[in-house]
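Worksheet: the structure to be examined is printed underneath.
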Amino acid sequence: MNHCQTNFFSFLQFVTLSKFSCLSHGLSLREQTDKDQKQYDCDFGNDDAQIVRSLFCRTINQPPHALIRCQQTHESNIEVINQNSPNIIKNCDGVCTNISNIPMIMLGADCLLMIIYDPNKQAVGLAHAGWRGTVSQISKNLVRTMQQTYQCNPNDLHVGLGPAICKGCYEVGPEVIDAVNTQIPSYRSALQITNNNHGQFDLAMANKLQLIDCGIPESQIELSNICTKESAETFHSFRRDKQNSGRWALICGLLPNPLA
Ligand SMILES: [Zn+2]
C-alpha cells in the first residue's frame, strides 16, 4: 500500500487503485505520523470521529456531508447508490455506484473491507466481509451486482482487499468451521483446522478466491497483507482491543484523484 501525506492527514492507498485519475480513495490510520499520541477513530456516534471523517474526506477530495454509509449487519446485501439514496443504507454490507461525487464509507476493525473498480464503465463498489459476509459470498454478490447494473466485465475489474485480521491471529470455533464446510466448501482451503473444534480462517484468501472465480484476473487483485490485530499503531482491532476498539474507515468515490 502507498502511505500518503497531505496537509490535513496521513492515510493509505492501494497502489494499483491510486493510479486511476477518476477514483479517489483512502484508508484511515489509527495514529497520525506526527506522533501526537491521539488515536483517530472514524466510528459514527461521537463528535471527534465526525471531525476525523471530515478531515479525511477533505484530504482525499470527497464531500463529507454526502457520505453514504451502510448499517453493516454482517450479511451480503448490496445496494445500488444514486443521487436519491439516503445517507444510511439499512441492512446492507456493500454498495456500488457509477455516479460521480458520491463518497461512500465502510468501517472496519478486524473485518475485511474491499474496493472493486471498473475504469472502463466508471463504476465502483465497496464491501465489508467478516466471516459471515465471506461465507455468504458478499464479494461475489458485489461483482454480480456490478455486472447486472453496469454491464461490468470481470476482466476489467481492479480490486483492493484491505487490512483485516490475518489467518494466524484469527482463531475460529465450530460455528465458522460448519459455515465454511456447508456454505463455501470450494473455498475450504482458506480454513486450516487446528484441532477438532477450532481452526484459523483467512478472510482475505477466501474472498480473493471468490473474486478469481468471478473471472477477475488474479494480477488485478491487490492484497494489503496488513493484519489489523498486529498493527496497533495503524489499525483498530476488535480482537485486540475488545469493547474499547475504534473503527478505521475506507472511503471512496468517483471523483478526481487528488494524488494521481
Ligand atoms: Zn495477525
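Each reported figure results from applying straightforward, stated rules to the coordinates on display, with no laboratory input. Model, not experiment: these values are computed from the prediction. No Cβ is skipped: glycine too gets one built from the backbone with ideal geometry, and neighbour counts run over all protein chains shown.
Pull the list of the chain cysteines that no other Cys approaches to under 4.7 Å, Cβ to Cβ.
CYS4, CYS22, CYS42, CYS57, CYS96, CYS111, CYS152, CYS169, CYS214, CYS252
To check you understand DSSP bridge types, tell me what percent of the beta bridges within segment 135-260 (both residues inside) are antiparallel, rounded to 5.
60 percent
Run through segment 19-95 and list the trypsin sites (Lys or Arg not before Pro) located in a DSSP loop whose Cβ has at most 13 other Cβ atoms within 10 Å.
Listed in order of number, the matching sites are LYS35, LYS38, LYS90.
Placing unit charges on C-beta atoms (Lys and Arg positive, Asp and Glu negative, everything else neutral), compute the dipole magnitude of the chain about its Cα centre in debye, rounded to 20.
The dipole of the chain has a size of about 200 debye.
How high is the relative contact order of segment 88-170, given as a whole-number percent (alpha carbon pairs under 8 Å, six or more residues apart)?
So the answer I get is 35 percent.
With +1 on each Lys and Arg Cβ and -1 on each Asp and Glu Cβ, how big is the dipole of segment 105-188 about its Cα centre, in debye rounded to the nearest 20?
That gives a dipole near 180 debye.
Fully extended, how many nm does the chain gain between LYS242 and ASN181 (0.36 nm per residue separation, minus their Cα-Cα distance)?
Extra length available between LYS242 and ASN181 comes to 19.2 nm.
Between GLU233 and LYS19, what length in nm is gained on full extension when 0.36 nm per residue of separation is reduced by their alpha carbon distance?
Gain on stretching GLU233 to LYS19: 74.4 nm.
Where does each of LEU12, LEU254, LEU209 land when they are ranked from fewest to most other beta-carbon atoms within 10 angstrom?
LEU209, LEU254, LEU12
Mind sorting ASP48, ASP178 by how few other Cβ atoms lie within 10 Å of their own Cβ, fewest first?
Taking fewest neighbouring Cβ atoms as first place, the list is ASP178, ASP48.
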